[in-house]
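The values are calculated or read from the model by the stated rules, or taken from the named source; none is laboratory data. Bear in mind the structure is a predicted one, so any value in this text is a computation, not a measurement. Here the Cβ positions follow ideal geometry from the backbone for every residue, glycine too, while neighbour counts run over all protein chains shown. Calculation scope for accessible area: heavy atoms of the full protein, side chains included, ligands and nucleic acids excluded. Shrake-Rupley method; radii C 1.70, N 1.55, O 1.52, S 1.80 Å.
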Amino acid sequence: MKDIFDKCKFGNFDIQSRIIRSGMWESQKSENGILDQAVFNRYENIAKSGVGLINSEFFCIDPRDRFAKYSSNVNYKGFVKDYSEITNIAHKYNVPILGQLAVFWYNDGLNQKVTPNDISFEGIRHLQTDVILAAKKFEFAGFDGIQINMGNNFYLSNFINPYFNQREDKYGGNTFNRMRIVLEIVRVIKKNYDIHVNVKLNANDGRKGGIGFDESMEMCKLLEEYGADSIQLTSRSNTFPTSDGSNPFIDYADKLSSDTNIPIILGGRFNDKDSIENVLNTTNIEYFSMSKPFVAEPDFLVNWKAGTSSETKCINCKNCYSKKVSTCFVNGTDNA
């Protein structure tokens with residue numbers, strides 16, 4: 001029987017559990033970006049709880065991006081100082097940590113909200129350079145890698161989507177061409193930096209004329225071919241409701257896990273230990289991401305490992321997500 005707290009390999013990392021912490025917003029900071037002490041405390045509670053790997057909250061590039069107010073910025077003056085301390089905290093507990101880069105609007109120098117169809121070749125190169133430089137900054141700050149968020153409704157998820165991308169050049173058309181912008185980024189990072197590259201990708205877009213399961217599978221295989229070290233599956237918010245609240249992507253993730261040779265992380269709607277261990281022992285899925293439960297109770301894994309609890313305090317109210325805060329209202333941890 002496989003167990004959540006099995007010590008196992010995740011790419012080149014030795015991790016102490018199969019639970020991956022997935023980050024969202026960073027609201028506990030000053031107007032100039034400097035982190036509050038509460039952020040360091042939160043990361044320490046997560047790192048020492050028995051988590052396998054940490055993905056940071058969203059980082060943005062442009063201070064005018066849609067979610068910049070609720071995110072950290074890789075370009076603020078205290079970035080390396082603050083996040084070197086964060087990564088040191090994670091490493092003190094032997095937990096690898098990745099910086100999550102999420103671009104929603106992109107400013108190509110001419111248009112603050114340039115669309116995938118309108119961005120020029122030079123603008124594409126500028127965007128790719130921004131992502132590659134962010135990866136280098138993550139490396140400077142001690143992160144073990146980068147998570148490139150090209151899922152949910154972020155810019156790169158739209159760029160690779162035929163629903164939005166009707167380009168007629170080499171960055172539009174078939175699956176490979178639409179993926180080219182990210183594949184080139186991954187290849188450059190892997191060729192020049194010694195860091196882990198994780199990509200967050202929608203399992204299914206849910207739009208008519210968007211990305212379906214088959215194309216998403218093809219995209220994941222291209223990412224593996226071009227050097228991605230792991231993939232985290234996600235989806236647009238509330239795209240696939242199920243009557244029993246179960247995860248709608250288990251079958252897809254099971255097949256993808258057996259058809260690829262890199263770690264595949266399944267996220268969404270996991271709040272209890274028994275459900276995760278059932279999937280772990282009846283499918284090929286090895287890794288599971290959780291976000292909101294860590295907001296409600298950053299160290300809930302301590303109780304899971306001790307056997308004193310098998311559920312989290314998270315009631316899936318989604319206030320932390322909708323209000324864009326890194327703290328929980330229901331359980332009294334809102335210090336934003």
Subset of segment 230-270 [farther than 21 Å from residue 153 by Cβ, at pLDDT 95 or above and in contact with a helix residue (DSSP H, G or I) (Cβ under 8 Å, 6 or more places away or on another chain)]: 255, 256, 259, 260, 261, 262, 264
Residues being modelled with pLDDT of 95 or more, among the hydrophobic types (A, V, I, L, M, F, W, C) and assigned to a loop (DSSP other than H, G, I, E, B) - total across segment 95-120: 7
Residue in segment 56-72 that is open to solvent by 50 Å² or more (accessible area, probe 1.4 Å), not in a loop (DSSP other than H, G, I, E, B) and not β-branched (Val, Ile, Thr) present: yes
In segment 276-320, residue nearest to residue 224 (Cα to Cα) [restricted to those that are out of contact with any Ser or Thr (no Cβ under 8 Å at 6 or more places or on another chain) and small (Gly, Ala, Ser)]: 310
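Got a sec? Which of 13, 40 is open to solvent by 10 Å² or more (accessible area, probe 1.4 Å), under 20 Å from the mean Cα position of the chain (by Cα), at pLDDT 95 or above and within 27 Å of residue 228 (Cβ to Cβ)?
Details: 40 fails: within 27 Å of residue 228 (Cβ to Cβ).
Going through 13, 40 in turn, the sole match is 13.
Take the residues in segment 165-212 that are aromatic (Phe, Trp, Tyr) and touching an Asp or Glu at 6+ places or on another chain (Cβ under 9 Å), then tell me which one is nearest to residue 138 (Cα to Cα). Break it down into steps so the answer makes sense when it comes.
Here is the first cut: in segment 165-212, the residues aromatic (Phe, Trp, Tyr) are 171, 176, 193.
If we keep only those that are touching an Asp or Glu at 6+ places or on another chain (Cβ under 9 Å) as well, we get 176, 193.
Details: 176: 28, 193: 11 Å.
By that ranking, first place goes to 193.
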Residue match in segment 192-200 (condition: open to solvent by 50 Å² or more (accessible area, probe 1.4 Å), at pLDDT 95 or above and not aliphatic (A, V, I, L, M)): yes
Any hit, segment 144-152, residues being open to solvent by less than 20 Å² (accessible area, probe 1.4 Å), part of a helix (DSSP H, G or I) and touching a residue at least 12 places away in the same chain (Cβ under 8 Å): no
Total residues in segment 284-315, condition assigned to a loop (DSSP other than H, G, I, E, B), of a type outside the set (S, T, N, Q) and either within 14 Å of residue 271 (Cα to Cα) or open to solvent by 60 Å² or more (accessible area, probe 1.4 Å) (or both): 7
Single residue of 331, 319, 281 found to be free of Cβ contacts under 8 Å to residues at least 24 places away in the same chain and open to solvent by 20 Å² or more (accessible area, probe 1.4 Å): 319
Residues of segment 74-88 satisfying the condition of being crowded, with 21+ Cβ neighbours inside 10 Å and under 14 Å from residue 41 (Cα atoms): 83, 86, 87
